Amino acid sequence: MPKTIIVSNRLPVSGIKKDNQISFSPSAGGLATGLGSIYKKGDNIWIGWPGIYTNEPSEKEHINQELQKENMSPVFLSQEDIEKFYEGFSNSTLWPLFHYFPKYVVNDHEYWETYQAVNSIFCEQILKHANQDDIIWVHDYQLLLLPTMLRKYLPDATIGFFQHIPFPSYEIFRMLPWRSEILEGMIGADLIGFHTYDDVRHFLSSVSRIVGVDNKMGQLRIADRVCNVDSFPMGIDYEKFSQAVQSAETKKEIENLRNGIGEQRLIISIDRLDYSKGIPERLKAFDKFLETYPDFRGNVSLIFVLVPSRDKVALYKELKVEIDELVGRINGKYGSINWSPIHYFYRSFPFTSLSAFYGISDVALVTPLRDGMNLVAKEYIASKTDKKGVLILSEMAGAAKELSDAIIINPNDINAIVDALHEALTMPEQEQVLRNTNLQNILKRYDIHSWVNVFMNRLHFIKEKENEMKVRQLNIRLQKKLLEDFKKAETRILFLDYDGTLMPFSTNPGKVKPDDELLEILEKLSSNLQNKVVLISGRNKDSLEEWLGHLNIDMIAEHGVWLKESRPFWSLIDYLTDEWKSEIYPILETYVDRTPGSFIETKDYSLVWHYRKAERDLGEQRARELVSHLQYLTTNMQLQVLEGNKVIEVKNSGINKGKAALRWLQNPYDFIFAAGDDWTDEDMFDVLPDFAYTLKVGFSPTIARYNIESWREMRLLLSAMASELVTIEK
Ligand code: GDG
């Protein structure tokens, strides 16, 4: 029975050493709760740093034993490791870069070396526990190299990776000296998750430009495996927050707060001390709000909680000084004996106090300059059980994508925050209830538990699919069986791709006219009334008609745009437009100009850029550029960009070989055969019933049942079928 291993930099506990005694207190974060449903079961385990240093073998043993009881296993790191790997590469290189603060990035080779070394230490610790068929879910930016490290030793393991912070755009990411190593490290996973689709896009674009691997609908095909990339916006433990605020303890705390603060309206702001959180901007906006709307002076206060973090680092120290000064200035400028504009706390609070802060506040002001998700925004909404309260949320937080009923602001625009504060503090209750009802419905549904389930289910599904995408050679025994089934069947249909399947691949597509041998095979096959032969190709209908029109065969041209169902007429599969061609053609022309040897083919409903004659590396590089260029351009144009063998094809979306093939399957057939050699043929294999003989030409992974070496072997097989020769030698 495979087990599941969760891996993160920190274990969901904090180790403390007091009077030579080591004890652990659990961390109550949402992630720990959500993943609790996994790691606490059976042999499953969570591997990570326990937050404590020791070199003592007896202490290590003690920690091991204590954690084992909780289904955890420690990774021991030295103080130097933590300084260079965690505070160094993770928090001084990756964190600022991924949050769009390149000016704060420290590129230090020693940090990088330690980062690699610590990722290897994690890998070793995991290998002590993991088997080949286990499921491993790695978390966050401290462990970006781990998926590929693990893959090396556990080629068949199911590996998931989730990044909790943003993935920056290529223009930012490319600045990193170790950019390819980082991406190579990540793509060892079967599934990579981010909070938002923007992160996914940025990551895929970096992989395309830096590693040279393009994606098809979020799938990266790397040698013999596939890495899937998708967005999984993380939820919170909704029940916990909505129940806590109604508990007797929280109510008592709210009462105490009320008695202390007085009757004025309250705005809550809670963050860890970090430059990504937009704290000075928020304070300046509050200052300007009080200046612009003097009526609110004395009537509204900001509860400003700043959780200490990384405060030994100079950058954070400076930020703290700036914040202290701003708070002092605002309180000095507007405050009175009876009223303090800002109640400032530089510490963290127990959960009940947090719940009380959320419960008592009329407005939550969440204005990060950049944030992967931001859970505070979600926790505030979940705590508003009476549905009264307004969330002001930065559009730069991942949460803004889901919480569109909040007041969404640009955190760099101080005037917009001022306006939002005014709007929030004057918003009619009815509107607050309406907005919060919508927001709560979303958060209830996609809570932390469903997030964990959705990610895990997707990971399992992908692995199952990947197992289906294997190379299985059609050996002599299987060929024999195929021919027997062929012979037995009363009605048969054969879908045959042309280039690469029936004909060798040529650098000049105009030169692959069918030769006599092929014509003879097709003629023989199609003259048997029990057989229906359908030629299914990406070529235009005119070439197919010219070469094969005289035969008694049906045809599908342009990957399913044109159908020849009732000879001799061709028909369009659907109503299609080709007006888009005038926009796309000039773009392809610029690629022809820049890529000697490449050329454009115009089909009725598609345009194809061929680069098989271009210099190899240049062609591949331009193809990558063109795909990202086109994908960006064609977003709202009902077009799809297909990558074939040395071709990039743009065509109307919703058209593929699978959809076209289904038109022929309205009649039942006892024997179904389909053969193809590239990715466009996978759509055809996908729609055919399980009993169909689907054959991929070439030994690359496929969903087809079998692989066959080349067009030569395919012709031999078809000739055998044509002559119904079943005398295959053993
Ligand atoms: C990463 C990403 C992403 C805060 N103050 C107190 C306290 N908190 C809790 C909040 C909340 C959490 O800390 C902070 O939430 P973030 O969303 O900022 O999460 P991080 O873990 O810092 O960061 C972030 C997240 O991962 C999840 O993927 O959203 O974008 O940077 O849960 O409640 N809790 C208590 N006392 C406090 O004073 N008890």
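The values are calculated or read from the model by the stated rules, or taken from the named source; none is laboratory data. Computed from a predicted structure; not experimentally measured. Glycine gets a Cβ as well: all are built from the backbone with ideal geometry, and neighbour counts include every protein chain shown.
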Applying the selection to the range 23-66, what residues are of a type in the set (Ser, Thr, Tyr) and touching a Gly at 6+ places or on another chain (Cβ under 8 Å)? 23
Would you check if there is a residue in the range 694-702 being surrounded by fewer than 18 Cβ atoms within 10 Å (Cβ to Cβ), aliphatic (A, V, I, L, M) and under 22 Å from residue 226 (Cβ atoms)? no
In the range 448-475, anything part of a helix (DSSP H, G or I), polar (S, T, N, Q) and in contact (Cβ under 8 Å) with a residue 24 or more places away in the chain is listed as 450
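Given the structure, is residue 155 within 16 Å of the ligand (Cβ to nearest atom) and over 17 Å from residue 47 (Cα atoms)?
No: the conditions fail for residue 155.
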Go through the residues of the range 629-638 one by one and say whether even a single one is under 26 Å from the mean Cα position of the chain (by Cα), on the phi > 0 side of the Ramachandran plot and either surrounded by 20 or more Cβ atoms within 10 Å (Cβ to Cβ) or not β-branched (Val, Ile, Thr) (or both). yes
Under the condition of being surrounded by 24 or more Cβ atoms within 10 Å (Cβ to Cβ), of a type outside the set (A, V, I, L, M, F, W, C) and in a helix (DSSP H, G or I), which residue from the range 380-403 is nearest to the ligand (Cβ to nearest atom)? 398
What is the residue count in the range 18-35 for residues that are out of contact with any Asp or Glu (no Cβ under 8 Å at 6 or more places or on another chain) and away from the ligand (no atom under 15 Å from the Cβ)? 5
Considering only the range 558-565, I want to know if a residue exists there that is farther than 26 Å from residue 217 by Cα, free of Cβ contacts under 8 Å to residues at least 24 places away in the same chain and over 29 Å from the mean Cα position of the chain (by Cα). yes
Being touching a strand residue (DSSP E or B) at 6+ places or on another chain (Cβ under 9 Å) and among the small types (Gly, Ala, Ser) is the filter here, so list the residues in the range 179-204 that pass it. 188, 189, 193
Output yes when any residue across the range 716-730 is crowded, with 20+ Cβ neighbours inside 10 Å, in contact (Cβ under 8 Å) with a residue 60 or more places away in the chain and part of a strand (DSSP E or B), and no when none is. no
Restricting the range 690-705 to residues that are among the hydroxyl-bearing types (Ser, Thr, Tyr) and at pLDDT 95 or above, the residue that is farthest from residue 477 (Cα to Cα): 694
Give the number of residues within the range 124-150 that are touching a strand residue (DSSP E or B) at 6+ places or on another chain (Cβ under 9 Å), more than 16 Å from the ligand (Cβ to nearest atom) and under 14 Å from residue 463 (Cα atoms). 4
Condition (residue is in contact with a Cys (Cβ under 9 Å, 6 or more places away or on another chain) and closer than 10 Å to residue 167 by Cβ) applied to the range 186-193: is it met by at least one residue? yes
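Hey, among the residues in the range 236-249 that are away from the ligand (no atom under 12 Å from the Cβ) and not aliphatic (A, V, I, L, M), which one's surrounded by the most Cβ atoms within 10 Å (Cβ to Cβ)?
Across the range 236-249, the extreme among qualifying residues is 238.
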If only one of 177, 233 is in a loop (DSSP other than H, G, I, E, B), surrounded by fewer than 24 Cβ atoms within 10 Å (Cβ to Cβ), touching a residue at least 40 places away in the same chain (Cβ under 8 Å) and within 16 Å of the ligand (Cβ to nearest atom), which one is it? 233
In the range 183-220, anything assigned to a strand (DSSP E or B) and more than 12 Å from the chain's Cα centre (by Cα) is listed as 216
Segments classed as helices (runs of 4 or more DSSP H), wholly inside the range 1-110, with at least 1 members that are touching a His at 6+ places or on another chain (Cβ under 8 Å) and crowded, with 21+ Cβ neighbours inside 10 Å: 30-39
Against the definition (crowded, with 17+ Cβ neighbours inside 10 Å, hydrophobic (A, V, I, L, M, F, W, C) and within 20 Å of residue 539 (Cα to Cα)), how does residue 572 come out, yes or no? no
